[in-house]
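The values are calculated or read from the model by the stated rules, or taken from the named source; none is laboratory data. Bear in mind that the values here come from a model prediction, so they are computed numbers and not experimental data. Here the Cβ positions follow ideal geometry from the backbone for every residue, glycine too, while neighbour counts run over all protein chains shown.
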Amino acid sequence: MPGNDEHMTTTARSELEIVIRLTKGGPIVATEPVLDSDLAEFETDTWWSQCLRRGDHDVDVEDLDFAITPVRSSSGDAVIGFRVAFDTTDGCCREQLFARTRLEHVARRGARRLLADRTLAGTKEWVWELSSAAARPKLVAPRRAMRRRAALHYRVQPLAPLTAVARQQGPAAYDGQTRVFVTDAALALAEQISRAGASRTPPVETGGVLVGCLCACPDSGDMFIVVDDVLEAQASEATTFSLSYSGRTWSRISAVMRARVAVPEFENHRILGSCHAHPFRPTTGGLCDSCPSQATCDLDTAFLSEDDLLWCRAAFGGQPWQVHFVFGLDPRGQGVSAFFGRERGRLAARGFDVIPADFQFANTDRPSTAATRGGRTRG
């Protein structure tokens with residue numbers, strides 16, 4: 001599937017597992033193994049933050065030997081997270097910590113199994129914990145299989161000229177957060193494409209993929225993201241509450257991207273993420289009593305649903321730079337929007353910077369010797 005750098009071919013188990021109980025402290029009703037494929041996106045997150053964003057642009061994620069270990073509480077009686085670490089060629093250890101909540105999707109997978117065998121029938125209550133299963137024999141299997149290798153294309157671009165013309169949207173980037181720049185034309189096109197389905201009867205979700213490039217600042221070595229175009233998801237299967245990309249959708253997007261990267265000017269372009277709209281209001285019972293006196297409303301539909309998160313994980317799981325727009329409505333029917341990017345192993349709402357569409361980038365494109373998993377580096 002275009003946009004998916006991760007093609008896991010094994011189901012080898014890590015040393016982590018999910019423990020599910022019906023009540024806190026109650027008996028264990030099930031365990032769900034944390035597979036290597038569940039942890040692959042955390043490995044690429046660590047590669048992005050500890051290599052690419054530190055100026056090591058030629059480090060191949062496939063050459064890193066990751067070690068994943070549980071992180072325990074100060075008392076040692078609970079696993080509160082996990083550590084992803086690797087050694088550099090000069091013997092230094094680099095690592096990143098992730099909270100246990102980042103594995104909630106694995107816990108939900110285990111809960112779905114319990115629903116299927118009716119263990120959870122008649123109750124919606126269940127709790128989960130992260131546990132270490134180091135004593136369990138591991139399956140003997142290769143951890144990952146790479147389809148083919150391809151260079152990680154990126155543009156060499158000083159950051160200062162971009163920040164000088166940028167207009168902040170949403171929360172300001174904090175120290176250590178990846179900077180994301182979106183051209184004003186791409187922002188307008190993303191909203192136009194995403195909200196197009198709202199005018200249909202009945203309204204349906206519409207959207208597309210965000211296109212742009214990875215950039216490396218020659219001064220700091222840091223990498224950042226530029227979104228400068230949007231491709232509409234044509235021939236998709238849409239309802240008011242869902243949007244599914246068909247085979248024809250992906251075929252068209254793939255054809256457009258192949259033609260684009262064949263042009264030297266756009267050689268570094270890739271699919272960076274997606275955009276779509278939720279053309280429905282957060283409530284069906286009308287406005288609340290306090291609504292007329294409030295300037296803004298905290299309720300809106302500009303969020304990533306559980307189905308959205310599953311789709312993002314499937315389509316962009318190997319891409320730590322992925323970003324997504326969601327355009328929604330508040331109870332009054334006014335348009336709202338939210339922007340999401342990966343931060344420490346999860347997709348979280350964040351801000352971005354808007355730049356003019358006619359910004360003149362440095363004419364320096366470079367294919368790194370590094371490769372992303374699966375070889376599909378540009379969509």
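Only a single criterion out of (1) at pLDDT 80 or above; (2) basic (Lys, Arg); (3) surrounded by 14 or more Cβ atoms within 10 Å (Cβ to Cβ) is not satisfied by ARG149, namely (1). Scanning segment 336-344 for residues that are at pLDDT below 85 and among the basic types (Lys, Arg) turns up at least one hit.
Only one of the numbered conditions (1) without any contact (Cβ under 8 Å) to a residue 60 or more places away in the chain; (2) part of a loop (DSSP other than H, G, I, E, B); (3) in contact with a strand residue (DSSP E or B) (Cβ under 8 Å, 6 or more places away or on another chain); (4) farther than 20 Å from PHE340 by Cβ is not met by PRO218, and that is (1).
Can you find a residue that is in contact (Cβ under 8 Å) with a residue 24 or more places away in the chain, buried (at least 17 other Cβ atoms within 10 Å of the Cβ) and among the hydroxyl-bearing types (Ser, Thr, Tyr) anywhere in segment 168-181? Within segment 168-181 (the criterion being in contact (Cβ under 8 Å) with a residue 24 or more places away in the chain, buried (at least 17 other Cβ atoms within 10 Å of the Cβ) and among the hydroxyl-bearing types (Ser, Thr, Tyr)), the answer is yes, since at least one residue qualifies. Screening LEU310, LEU287, LEU299, LEU272 for residues that are among the hydrophobic types (A, V, I, L, M, F, W, C), at pLDDT below 95 and under 30 Å from GLY81 (Cβ atoms) leaves exactly one candidate, LEU310. The residues of segment 164-203 that are more than 22 Å from the chain's Cα centre (by Cα), aliphatic (A, V, I, L, M) and closer than 18 Å to VAL230 by Cβ, listed by number, are ALA185, ALA196, ALA198. Looking across segment 78-107 at every residue that is touching a Ser or Thr at 6+ places or on another chain (Cβ under 8 Å) and among the basic types (Lys, Arg), the one that is nearest to ARG54 (Cα to Cα) is identified as ARG94. Filtering segment 316-343 to residues that are outside any strand (DSSP E or B) and either in the same structural domain as GLU41 (by TED's automatic domain parsing) or under 20 Å from ALA107 (Cα atoms) (or both) leaves only GLY317. Per this entry, PRO203 is counted among residues that are modelled with pLDDT of 95 or more and surrounded by fewer than 23 Cβ atoms within 10 Å (Cβ to Cβ). Evaluate segment 247-266: report whether one residue or more is assigned to a loop (DSSP other than H, G, I, E, B), in the same structural domain as ALA173 (by TED's automatic domain parsing), at pLDDT 95 or above and not aliphatic (A, V, I, L, M). No - not one qualifying residue is present in segment 247-266. One residue alone among ASP65, ASP77 is surrounded by fewer than 20 Cβ atoms within 10 Å (Cβ to Cβ), outside any helix (DSSP H, G or I), in contact with a strand residue (DSSP E or B) (Cβ under 7 Å, 6 or more places away or on another chain) and free of Cβ contacts under 8 Å to residues at least 24 places away in the same chain, and that residue is ASP65.
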